[in-house]
1. Given (1) under 20 Å from the mean Cα position of the chain (by Cα); (2) within 14 Å of the ligand (Cβ to nearest atom); (3) touching a residue at least 12 places away in the same chain (Cβ under 8 Å), where does residue 47 come up short, assuming only one miss?
2. At pLDDT below 95, surrounded by 15 or more Cβ atoms within 10 Å (Cβ to Cβ) and under 20 Å from residue 113 (Cβ atoms): is that true of residue 260 in this structure?
3. Which pairs do you get when a residue that is within 13 Å of the ligand (Cβ to nearest atom), found in the stretch 101-117, comes within reach of a residue that is assigned to a loop (DSSP other than H, G, I, E, B) and of a type in the set (Asp, Glu), reach meaning Cβ atoms under 8 angstrom, with the pair 6+ apart or on two chains?
4. What is the number of the single condition among (1) of a type outside the set (Val, Ile, Thr); (2) under 21 Å from residue 218 (Cβ atoms); (3) near the ligand (Cβ under 9 Å from one of its atoms) that residue 81 does not meet?
5. Answer with yes or no whether residue 22 is surrounded by fewer than 20 Cβ atoms within 10 Å (Cβ to Cβ), near the ligand (Cβ under 9 Å from one of its atoms) and under 21 Å from residue 154 (Cα atoms).
6. Select from the stretch 118-133 the residues that are within 11 Å of the ligand (Cβ to nearest atom) and not aromatic (Phe, Trp, Tyr) and write down the one among them that is surrounded by the most Cβ atoms within 10 Å (Cβ to Cβ).
7. Can you find even one residue in the stretch 69-77 that is among the hydrophobic types (A, V, I, L, M, F, W, C), at pLDDT 95 or above and within 11 Å of the ligand (Cβ to nearest atom)?
8. Return yes or no: is residue 86 at pLDDT 95 or above, closer than 16 Å to residue 149 by Cβ and within 15 Å of the ligand (Cβ to nearest atom)?
Amino acid sequence: MADPIRILIAGGHGQVGQALAHAAWPDDVRLHRPTRADLDLTSATALAEAFARTPFAAVINAAAFTAVDEAETHPDEAFLANADIPARLSEATRRAGIPLVHISTDCVFDGALDRPYAEDDATAPISVYGASKRTGEVAVLSGNPRAAVVRTAWVVSARGRNFVRTILDAAVSRPELAVVANVVGSPTSADDLAGALAALTLAMIADPAAPTGVYHCVNAGEASWAELAAEALQLAGSRTTVLPIPAADRPAPAARPANSRLSCERLTRDYGVTMRDWRAAVADIVAELQLQRVAP
Ligand SMILES: NC(=O)c1ccc[n+]([C@@H]2O[C@H](COP(=O)([O-])OP(=O)(O)OC[C@H]3O[C@@H](n4cnc5c(N)ncnc54)[C@H](OP(=O)(O)O)[C@@H]3O)[C@@H](O)[C@H]2O)c1
C-alpha cells in the first residue's frame, strides 16, 4: 500500500482547523493536528524535530491570534502568532521542500475601495491584528517558494465562536438586535473554506510547479452584518428583528475595514475552485445548529 499523505494542520483545533478535520479528504490523507502542548509552533527546534519525525507532504497554517480588539493592547502576542509563527513555518516547509498553505484575512485592507478587493490590491492594515497578519503574509511568501496565502473573511460555522452563533444565541432572549449596517463583507462558511483549502493543498502537493501566491477565498455574494444577522434569524424561524445601526454607534478598540468584500477570481482561474453563495452556506449552518439543539 502507498504511504499516506501526511498534512500538518497548525491551529487545527480552532474554528477553521476543526472544519479542516471535517472536510472530505481522500482516504490516503492523514491529518496531524497537534495542540499547543504537543507542538510549540514558536520553537524552530520543536518544528525541526516534528518534521524529522514525520514526513509531512504539506502544512496548512490555521493558527492565529484572532481576537481583533484584544490585539490592540497585546501586540506582542498578536505578532508572535500572526507573524513569527508563519515565518517559522515558512522556513521549516522550505527546508522540507513542501508546500505551505497559510490563512490570512480581509483585515490587511483599509476598506476604502468601493469594489471587492483583488489579490494584488494594495494592503493597508488599520489595526494591530491586520498589521500582524500582513507581516505574516510577507514572511510566508518570501520564505517558501511553494507557498499560498489564502485570505478569507467573516468566517462562520456551527462550531466555535462566530457571528451567526452569537446572533442566534442573543435572539433567544431579545426581541430586537441592533446590528451594524454600513460595513459590508463576504460571509464565509468555515466548511466551504476548508473544502477549498483541501483542494488547493492537494493540488500543490501533486504538482511542485503549481501556482503560488495570494488567493482570496470567501463565499460568493456580499452582505452587511445586519443583512447576515437578518438572514440567519429568518432561516432559524426567529421572531427577533434587526435594528440596523451605523458602525459609529458601536465603537470598538480596533478599526475594521468598512468594505472587506474579496474577489476570488484567481482561485477559480488557477485551481478551478468556485464558492457558492453565502446564503446557501448560512442555511446549512443554521440547519446544523438546529440539529445540534434537537440531539445535543
Ligand atoms: N474567524 C474569522 O472570521 C476570520 C476572518 C478572516 C480570517 N481568519 C483567519 O482564519 C484563520 C483561522 O481562524 P479561526 O477562526 O479558526 O481562529 P480560532 O478559532 O481563533 O483558532 C485559532 C487557532 O490558533 C491557535 N493558536 C493561536 N495562537 C497560537 C500560538 N501562539 N501557538 C499555537 N497555536 C496558536 C489556537 O489555539 P488555542 O485553541 O490553543 O488557543 C487555535 O487553535 C486565522 O489565520 C485567521 O486570521 C479568520
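1. (1)
2. Numbers: at pLDDT below 95: yes; surrounded by 15 or more Cβ atoms within 10 Å (Cβ to Cβ): yes; under 20 Å from residue 113 (Cβ atoms): yes.
In short, yes.
3. Final answer for the pair search is 109/121.
4. In the conditions (1) of a type outside the set (Val, Ile, Thr); (2) under 21 Å from residue 218 (Cβ atoms); (3) near the ligand (Cβ under 9 Å from one of its atoms), residue 81 misses (2) alone.
5. Numbers: surrounded by fewer than 20 Cβ atoms within 10 Å (Cβ to Cβ): yes; near the ligand (Cβ under 9 Å from one of its atoms): no; under 21 Å from residue 154 (Cα atoms): yes.
Answer is no for this residue.
6. Quick first cut of the stretch 118-133, residues within 11 Å of the ligand (Cβ to nearest atom) only: 129-130, 132-133.
Subset that is not aromatic (Phe, Trp, Tyr): 130, 132-133.
Details: 130: 27, 132: 27, 133: 32.
Across the stretch 118-133, the extreme among qualifying residues is 133.
7. Step one: of the stretch 69-77, the residues among the hydrophobic types (A, V, I, L, M, F, W, C) are 71.
Then drop every residue that is not at pLDDT 95 or above, which leaves 71.
From what is left, the residues that are within 11 Å of the ligand (Cβ to nearest atom) are 71.
Among the residues of the stretch 69-77, at least one is among the hydrophobic types (A, V, I, L, M, F, W, C), at pLDDT 95 or above and within 11 Å of the ligand (Cβ to nearest atom), which makes the answer yes.
8. yes
The values are calculated or read from the model by the stated rules, or taken from the named source; none is laboratory data. All of these numbers come straight from a predicted model, not from anything done at the bench. All Cβ positions, glycine included, derive from the backbone under ideal geometry; neighbour counts span all protein chains shown.
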